[in-house]
Amino acid sequence: MHKRHSFDSSQVMYRAQELLDAAANRYRITVQVANRAKRRRYEEFDSIDDPAMKPTVRAIIEMSDELTQPEIISDN
């Protein structure tokens, strides 16, 4: 059975590379992504928003959005 994904793997790789390029420390950004994915996994355990998207992929996408679109996290 073929699973349909709602994301493009090349886009995820591009976003991950953006995060690594912007980070001063590759290890630290990797740990931050892992921690966010772990936190999301337990926070949204019962949520069925997008079961095809793994927590790590979701964390990479969210963090790259925050990096490229700072208005998402602004206090305005």
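A few comments on the model shown:
- Under Karplus coefficients 6.51, -1.76 and 1.60, residue-wise ³J(HN,Hα) of the stretch 58-65 in Hz, glycine/proline x: 4, 5, 4, 5, 4, 5, 6, 5
- For the set Arg36, Arg41, the ranking by accessible area, highest first and with no ligand, DNA or RNA atoms included, is Arg41, Arg36 under a 1.4 Å probe.
- Shown is the FRET efficiency for Val31 and Asp65, computed with R0 = 22 Å from the Cβ-Cβ distance and rounded to the nearest 0.05: 0.70.
The values are calculated or read from the model by the stated rules, or taken from the named source; none is laboratory data. Everything numeric here is computed off the predicted structure, so don't read it as measured data. Here the Cβ is made from the backbone with ideal geometry for all residues, glycine too, and neighbour counts use every protein chain on show. Protein only, heavy atoms only, side chains kept; ligands, DNA and RNA dropped before computing areas. Shrake-Rupley method; radii C 1.70, N 1.55, O 1.52, S 1.80 Å.
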